[in-house]
Amino acid sequence: MENKIFEPKIVAFVCNWCTYAGADLTGTSRIKYAPNVKIVRFPCTGRIDFMLLLKAFGEGADGIIVSGCHPNDCHYTSGNFHARRRWISFRSLLDFLGIDTGRITFSWVSAAEGAKWAALVNDTVSRIKELGPYTDYEKVARYYEEEVNHE
Amino acid sequence: MNEYQTIAAGLLSSGTAAMVIGYSEGSAKRVRPVFFTRPEEASTLVFDSRCVQNIAVYLTKKEIRTEGKIAIIASLPVMRSIIQLASEHQLSEEKIIVIGITPSGEVKQFNGFDALDAYVSSTTIEIEARYREKIEQVEKMTLTERWNFWKNELSACFKCYACRAACPMCYCTRCTVEMNQPQWIPVPSHTLGNFEWHIMRAMHLAGRCVDCNACAEACPLGIPFNLLTKQMILQFKKDFGGYNPSLKGLNILSSYLPDDKENFIQ
């Protein structure tokens with residue numbers, strides 16, 4: 001186990017209309033990219049609750065990707081603009097609390113940018129590989145096990 | 001009787017207001033909120049630096065809503081809360097009379113939200129220097145130090161939700177913390193539950209908090225979680241240029257500008 005190379009677990013929260021279609025294009029264009037990412041499809045980036053990011057970290061994700069339509073391209077006109085404000089404030093709050101925002105990649109990937117999606121995932125994976133596993137948050141999430149051990 | 005007592009008594013005796021909400025002398029040299037309907041009780045009203053509880057919190061309660069027209073003794077933070085609640089369509093203008101007491105001690109009666117909005121807009125929310133220093137101190141720490149700092153500070157929290165009860169902006173009839181299918185916030189007051197509760201609280205107050213400090217005053221353990229909302233206000237001033245509740249101004253997180261600036265989206 002000791003010699004095993006660290007393979008980060010990445011959760012990607014993407015919007016249905018742009019990034020999900022973009023990731024699909026990556027596949028249909030047969031571009032190979034890191035298999036570490038698990039994609040969760042949302043109707044819109046504006047619909048992604050900030051708590052979900054925390055849940056991902058709590059469940060052992062080492063990195064997170066949040067991606068949606070480019071500004072002015074939102075299927076619902078303004079979902080990504082709202083999302084942008086939310087991430088600006090959420091990111092600074094997490095940073096203030098000592099949660100590593102370097103592990104969260106925010107991006108705009110359109111349905112035509114299959115290559116950008118592949119590059120984005122590869123970038124994120126290599127960055128997280130350098131950072132190592134994210135244990136701070138996961139450790140506190142294992143409160144139940146801790147209590148059982150204590151007894 | 002002083003000015004605000006006279007106004008309160010007058011409003012009740014003329015029948016303009018059905019109830020007055022204010023502060024009166026409580027036990028142990030503390031003040032407590034009072035709700036009275038008879039004009040002779042107006043002489044028990046007090047207003048001084050001890051009145052830190054934000055009594056705007058009662059305006060959204062259904063027991064108060066059904067009372068008819070309410071007059072409220074309002075400090076500046078209470079006035080800001082009223083404007084914020086009004087902008088969220090939680091209060092009706094014809095049911096509230098604000099007996100405002102400005103920080104300089106001047107008594108102003110506001111019969112409509114427009115006049116109140118004009119007054120509130122003429123002031124700005126400034127984070128006190130002692131909190132700014134503390135925030136800077138935390139910001140200067142490394143990531144791990146910050147994490148440990150908050151882990152340590154929040155470990156005292158036993159989730160009594162007094163902060164939520166004290167906050168006029170926490171008026172949801174069903175809070176996320178009570179959502180259990182799925183369980184959003186872990187129930188135990190363990191580090192994770194405490195972190196997620198305070199992150200959730202700060203995020204749900206983002207752009208809405210009027211910095212009245214009632215939450216921190218209500219905390220029985222003196223946890224400095226108000227630094228979170230204060231830090232956000234400072235950040236919002238930087239990122240979105242300005243921070244003040246206003247009737248027409250949309251909340252920071254429920255509005256946007258197409259050219260909002262950030263430096264992290266790839």
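Which is in contact (Cβ under 8 Å) with a residue 60 or more places away in the chain, closer than 17 Å to B:ALA165 by Cβ and surrounded by fewer than 21 Cβ atoms within 10 Å (Cβ to Cβ), of B:ALA214, B:ALA218?
Working: B:ALA214 fails: surrounded by fewer than 21 Cβ atoms within 10 Å (Cβ to Cβ).
On inspection, the qualifying residue turns out to be B:ALA218.
Looking at the range A:59-81, which of its residues are within 22 Å of B:ILE199 (Cβ to Cβ), part of a loop (DSSP other than H, G, I, E, B) and either in contact with a His (Cβ under 7 Å, 6 or more places away or on another chain) or at pLDDT 90 or above (or both)?
Passing the criteria: A:ALA61, A:ASP62.
So, in the range A:6-32, how many residues would count as being among the hydroxyl-bearing types (Ser, Thr, Tyr) and either surrounded by fewer than 19 Cβ atoms within 10 Å (Cβ to Cβ) or assigned to a strand (DSSP E or B) (or both)? Break it down into steps so the answer makes sense when it comes.
So in the range A:6-32, the residues among the hydroxyl-bearing types (Ser, Thr, Tyr) come out as A:19-20, A:26, A:28-29.
Now drop any that are not either surrounded by fewer than 19 Cβ atoms within 10 Å (Cβ to Cβ) or assigned to a strand (DSSP E or B) (or both), which leaves A:28-29.
Looking only at that region, the number is 2.
List pairs: first in the range B:246-266 and within 7 Å of chain A (Cβ to nearest Cβ), second surrounded by fewer than 11 Cβ atoms within 10 Å (Cβ to Cβ), Cβ under 8 Å, 6+ apart or cross-chain?
Once the first residue is within 7 Å of chain A (Cβ to nearest Cβ) and sits in the range B:246-266, its partners that are surrounded by fewer than 11 Cβ atoms within 10 Å (Cβ to Cβ) give B:PRO258/A:ASN72.
Just to check your reading of the model, which residue among A:THR77, A:THR101, A:THR135, A:THR124 is of a type in the set (S, T, N, Q), in contact (Cβ under 8 Å) with a residue 40 or more places away in the chain and either out of contact with any helix residue (DSSP H, G or I) (no Cβ under 6 Å at 6 or more places or on another chain) or at negative phi (or both)? Give the derivation first.
Values: A:THR77 fails: in contact (Cβ under 8 Å) with a residue 40 or more places away in the chain; A:THR101 fails: in contact (Cβ under 8 Å) with a residue 40 or more places away in the chain; A:THR135 fails: in contact (Cβ under 8 Å) with a residue 40 or more places away in the chain.
After ruling out the rest, the residue left standing is A:THR124.
Can you tell me which residue within the range A:111-138, out of those that are assigned to a loop (DSSP other than H, G, I, E, B) and among the small types (Gly, Ala, Ser), is farthest from B:PHE195 (Cα to Cα)?
Pass one, the range A:111-138, residues assigned to a loop (DSSP other than H, G, I, E, B): A:111-113, A:132-135.
This time we only want the ones that are among the small types (Gly, Ala, Ser), so: A:111-112, A:132.
Working: A:ALA111: 36, A:ALA112: 39, A:GLY132: 23 Å.
Out of the qualifying residues, it is A:ALA112.
(1) without any contact (Cβ under 8 Å) to a residue 40 or more places away in the chain; (2) closer than 20 Å to B:ASP211 by Cα: which one isn't true of B:GLN84, the others all being true?
All conditions are met except number (1).
Looking at A:PHE42, A:PHE50, which is the one that is more than 12 Å from the chain's Cα centre (by Cα) and either crowded, with 21+ Cβ neighbours inside 10 Å or touching a residue at least 24 places away in the same chain (Cβ under 8 Å) (or both)?
Values: A:PHE50 fails: more than 12 Å from the chain's Cα centre (by Cα).
Exactly one residue qualifies, and that residue is A:PHE42.
Out of all the residues in the range B:225-245, which are within 12 Å of chain A (Cβ to nearest Cβ) and either exposed (fewer than 14 other Cβ atoms within 10 Å of the Cβ) or assigned to a loop (DSSP other than H, G, I, E, B) (or both)?
B:PHE225, B:LYS238, B:TYR243, listed by residue number.
Kindly indicate the residue of the range A:99-110 that is out of contact with any Ser or Thr (no Cβ under 6 Å at 6 or more places or on another chain) and not in a loop (DSSP other than H, G, I, E, B) and also farthest from the other protein chains (Cβ to nearest Cβ) among those meeting that condition.
Within the range A:99-110, the first condition is being out of contact with any Ser or Thr (no Cβ under 6 Å at 6 or more places or on another chain), and the residues that meet it are A:99-104, A:106, A:108, A:110.
Next, only the ones that are not in a loop (DSSP other than H, G, I, E, B) stay: A:101-104, A:106, A:108.
Numbers: A:THR101: 8, A:GLY102: 9, A:ARG103: 11, A:ILE104: 9, A:PHE106: 4, A:TRP108: 6 Å.
Out of the qualifying residues, it is A:ARG103.
Tell me, yes or no, whether the range A:82-98 has at least one residue that is outside any strand (DSSP E or B), among the β-branched types (Val, Ile, Thr) and under 30 Å from B:PHE149 (Cα atoms).
Looking only at the range A:82-98, we keep the residues that are outside any strand (DSSP E or B), and these are A:82-98.
Then drop every residue that is not among the β-branched types (Val, Ile, Thr), which leaves A:88.
Then drop every residue that is not under 30 Å from B:PHE149 (Cα atoms), which leaves A:88.
Taking every residue of the range A:82-98 in turn, at least one turns out to be outside any strand (DSSP E or B), among the β-branched types (Val, Ile, Thr) and under 30 Å from B:PHE149 (Cα atoms).
Looking at the range A:58-71, which of the residues that are closer than 22 Å to B:ALA202 by Cβ and touching a Lys or Arg at 6+ places or on another chain (Cβ under 8 Å) is farthest from the other protein chains (Cβ to nearest Cβ)?
Among residues in the range A:58-71 that are closer than 22 Å to B:ALA202 by Cβ and touching a Lys or Arg at 6+ places or on another chain (Cβ under 8 Å), the one farthest from the other protein chains (Cβ to nearest Cβ) is A:ALA61.
Mind listing whichever residues of the range B:185-194 are out of contact with any Asp or Glu (no Cβ under 8 Å at 6 or more places or on another chain) and more than 7 Å from chain A (Cβ to nearest Cβ)?
B:VAL187, B:SER189, B:GLY193, B:ASN194
Return only the number of the condition from (1) touching a helix residue (DSSP H, G or I) at 6+ places or on another chain (Cβ under 7 Å); (2) surrounded by 22 or more Cβ atoms within 10 Å (Cβ to Cβ); (3) under 21 Å from B:GLY207 (Cα atoms) that B:THR60 does not satisfy.
(2)
Sort out for me the strands (runs of 3 or more DSSP E) sitting completely within the range B:1-97 that have 1 or more residues that are within 18 Å of B:PRO245 (Cβ to Cβ) and at pLDDT 90 or above. Show your work before the answer.
Values: elements: B:19-25, B:31-36, B:70-74.
Passing ranges, in order: B:70-74.
The values are calculated or read from the model by the stated rules, or taken from the named source; none is laboratory data. If you're wondering where the values come from, they're calculated on a predicted model, not measured in any experiment. Counting neighbours? That spans all protein chains shown, and the Cβs are built from the backbone with ideal geometry, glycine included.
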